[in-house]
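Just below is one structure, and these are the notes that go with it.
The values are calculated or read from the model by the stated rules, or taken from the named source; none is laboratory data. What you are looking at is a predicted structure, and each value in this text was computed from that prediction instead of being measured. So basically every Cβ, Gly included, is an ideal-geometry build from the backbone, and we count neighbours across all protein chains shown.
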Amino acid sequence: MSYFYVKALHIIFVVTWFAGLFYIVRLFIYFAEAAEKPEPERTILQNQFRLMQKRLWYGITWPSAILTLIFGLTMLHLYGSIPGWLIWKLSFVLGLYVYHFLCHRIFKQQQQGILKYTSTQLRIWNEVATLFLISIVFLVVLKSSLSMLWGILGLILFSAMLMLAIRIYKKVREAKEV
């Protein structure tokens, strides 16, 4: 019975962690776009986005990532064995933690006023979490290597569609600005 309570808590913190990851990158985008505004608007917006980033990152995203790990490891211990699909899932989860740490680096840069990425690059970066989410959910639900293969092919197609959508959105935005 305790396994299901731990599993429920794990899912709750996975959801809040993803919410934080999705929103932090949106704040990165808004911060980068604010740099193109004239003063004093630029400073006002960037200060507000810095504050929002800090509260989200340290108040929701980091705690959720840590609790996801704790409850995930507890579930792994209670589960007792590691089936093949779970090894793949854990590989994607490791990739998600790498993504999290890379977001942390961008967060630290923006907190210092350093902009290394354009808003378009950050929009593409924002979709990486979506790819991890889709991969992990399909693996957990389907629990099959063959289904995973189809899922990866679908993921590649989905990624291509996302990149196309981002390019179209950029062209539409640029057309509206002209």
Residues of the stretch 3-29 classified as more than 15 Å from Ser64 (Cβ to Cβ) and free of Cβ contacts under 8 Å to residues at least 24 places away in the same chain, total: 2
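Residues checked against (1) touching a residue at least 40 places away in the same chain (Cβ under 8 Å); (2) surrounded by 15 or more Cβ atoms within 10 Å (Cβ to Cβ); (3) among the aromatic types (Phe, Trp, Tyr):
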residue: Met75; (1), (2), (3): yes, yes, no
residue: Leu90; (1), (2), (3): no, yes, no
residue: Glu127; (1), (2), (3): no, yes, no
residue: Met163; (1), (2), (3): no, no, no
residue: Tyr169; (1), (2), (3): yes, no, yes
Hits in the stretch 92-118 (condition: crowded, with 16+ Cβ neighbours inside 10 Å and under 21 Å from Phe13 (Cβ atoms)): Phe92, Val93, Leu96, Tyr99, His100, Cys103, Phe107
Residue ID - farthest from the chain's Cα centre (by Cα), chosen from residues in the stretch 13-48 that are under 13 Å from Gln111 (Cα atoms) and polar (S, T, N, Q): Thr43
Among (1) at pLDDT 95 or above; (2) surrounded by fewer than 14 Cβ atoms within 10 Å (Cβ to Cβ), the one test that Ile60 misses: (2)
Residues of the stretch 129-150 satisfying the condition of being buried (at least 17 other Cβ atoms within 10 Å of the Cβ), modelled with pLDDT under 85 and of a type in the set (Phe, Trp, Tyr): Phe138
Qualifying residue in the stretch 93-107 (condition: modelled with pLDDT under 90 and small (Gly, Ala, Ser)): no
Any hit, the stretch 153-173, residues being of a type in the set (S, T, N, Q), within 20 Å of Ala32 (Cβ to Cβ) and out of contact with any His (no Cβ under 7 Å at 6 or more places or on another chain): no
Test: Ile82 is at pLDDT below 95, at negative phi and not in a helix (DSSP H, G or I): yes
Test: residue in the stretch 24-47 that is at pLDDT 95 or above, of a type in the set (Lys, Arg) and not in a helix (DSSP H, G or I): yes
Subset of the stretch 106-129 [more than 15 Å from Lys54 (Cβ to Cβ) and part of a helix (DSSP H, G or I)]: Ser119, Thr120, Gln121, Leu122, Arg123, Ile124, Trp125, Asn126, Glu127, Val128, Ala129
Residue among Leu86, Leu67, Leu51, Leu56 that alone is under 21 Å from the mean Cα position of the chain (by Cα) and within 29 Å of Ile156 (Cα to Cα): Leu86
